[in-house]
Amino acid sequence: MRAGARSLGIMTRCQGSHFVDKGYYKKLTLYGRKRGIRVFVFSPRQVDFSSRTVKGFEYRNGSWQADVFPLPALIYDRCFVGPSYRHYKPFVEKLQNDRHITFLGHGLSGKWQVHQMLSKSPLLSSFLPPTEILSFPTFHDMLQKYGAVVIKPMAGTHGIGVVRIRETKSGYEATGRNRENRPFRKQIRDTAGLKTFVASFTSGRKFLVQPYLKLHTPDGTPFDVRVLVQKNGQGDWETTGKAVRLGDRRSITSNLHGGGKAEPLSAFLARHFRPAAKLRIEQTVNQVAQELPRFLEECHGRLVELGIDVGIDTAGNVWIIEVNSRPGRTVFRLIDDPVAKHHSITQPVRYAHYLMKERVGGY
């Protein structure tokens, strides 16, 4: 049996022994051990391709221990894309092209690319808000047409850099979160000032522009629905859980990193919508959760899990807001859903176990 054949490497960004999500990776390691799979964490920058080994960390005897491991048969890519990703990209691509290594799934490349893929589906395209790459002419046209728009970074996360701009009696108002994820509100007097603000705020990064959707409760609390879908131990897509994320009323996004709360979907819908509307919304969310992973995988290539962020506007219309291939799991801990919480952690190992059985010489 080849060295590393029964191992799962969690690929992430490490600065020395520092890496995020240690609690989650500890649980993955312990669950993997029960299934006879050795789980460890590593940075793609620490791979030695000549010896086919990698420096990494394994949770054992109550702490994370540094070690050198044979390259794993399977890789779980948790290497979040962002401004510093360019330092990791060449190493990630070399691993992706290695015929002895299988990635559980390949990360989605960006909001615009995902939008372009989903727009090819007759069903899913009907849930996509009109979306354009930001330039001032497209931004200005959309603002004039809808009265309020949202701009968001193509590669952003956690609601950082998402801004609503709307026309007011005295000019324009910009509300959102800056690059440090702090909420702000700015009054802008005229079109020239608006152009200066947009150019300055988006400088050096690519943004998208969409109509502003009223994704809030009657009292103005922003919310969205996080749907986690994952491959299971039979290699099939399964919905792990659904939860509502509620943001701060001073914010326009509902991201938990911005100080939000969470609650179960069904109870939330029952409070804010009539029974017939609640049923229709739930059926639509389930339809999206069933159709989207399969369709996206056909266009993009292998995926292992997706966080689908769904918006519900004040009229009860359902919108696909964002799809994330490296989703967080905090929301299921916050709503006290032990089954969803357990599955959210164990499914990647179950799917890895399935792939090992599928591989020739996996055992």
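Computed quantities for the displayed model
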read-out: Matching residues in the range 94-106 - criterion: being out of contact with any strand residue (DSSP E or B) (no Cβ under 9 Å at 6 or more places or on another chain) and either assigned by the TED database to the domain that holds R205 or exposed (fewer than 14 other Cβ atoms within 10 Å of the Cβ) (or both); value: N97, R99, H100
read-out: Residue selected from the range 38-53 under the condition outside any loop (DSSP other than H, G, I, E, B) and of a type in the set (D, E, K, R), by the criterion most open to solvent (accessible area, probe 1.4 Å); value: R45
read-out: Unique match (being touching a helix residue (DSSP H, G or I) at 6+ places or on another chain (Cβ under 7 Å) and either of a type outside the set (D, E) or under 26 Å from R326 (Cβ atoms) (or both)) among R166, R182, R177, R189; value: R177
read-out: Condition met for P338 (within 22 Å of K27 (Cα to Cα) and at pLDDT below 90); value: yes
read-out: Any hit, the range 135-148, residues being within 20 Å of I320 (Cβ to Cβ) and touching a Gly at 6+ places or on another chain (Cβ under 8 Å); value: no
read-out: Residues of the range 156-173 classified as farther than 23 Å from V81 by Cα and either under 25 Å from the mean Cα position of the chain (by Cα) or part of a loop (DSSP other than H, G, I, E, B) (or both), total; value: 4
read-out: Considering residues of the range 128-155 that are among the hydrophobic types (A, V, I, L, M, F, W, C) and in a loop (DSSP other than H, G, I, E, B) only, the residue most open to solvent (accessible area, probe 1.4 Å); value: A155
read-out: Set S109, S121, S170, S125: member being at pLDDT 95 or above, surrounded by fewer than 16 Cβ atoms within 10 Å (Cβ to Cβ) and small (G, A, S); value: S125
read-out: Selected residue (only one of D190, D224 is acidic (D, E) and buried (at least 19 other Cβ atoms within 10 Å of the Cβ)); value: D224
read-out: Every residue from the range 23-37 that is assigned to a helix (DSSP H, G or I) and open to solvent by 60 Å² or more (accessible area, probe 1.4 Å); value: K26, K27, L30, R33, K34
read-out: Candidates V114, V20, V68 - the one that is more than 20 Å from P348 (Cα to Cα) and surrounded by fewer than 17 Cβ atoms within 10 Å (Cβ to Cβ); value: V68
read-out: Qualifying residue in the range 41-61 (condition: over 18 Å from K94 (Cα atoms) and of a type in the set (D, E)); value: yes
read-out: Criterion violated by Q116 - all others in (1) of a type in the set (S, T, N, Q); (2) part of a loop (DSSP other than H, G, I, E, B); (3) without any contact (Cβ under 8 Å) to a residue 24 or more places away in the chain satisfied; value: (2)
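The values are calculated or read from the model by the stated rules, or taken from the named source; none is laboratory data. Treat the numbers as computed from the prediction; the structure is a model and nothing was measured. Here Cβ is always computed from backbone atoms with ideal geometry, including for glycine, and neighbour counts include all displayed protein chains. Quick note on the areas: whole protein, heavy atoms, side chains included, nothing else; ligands and nucleic acids left out. Shrake-Rupley method; radii C 1.70, N 1.55, O 1.52, S 1.80 Å.
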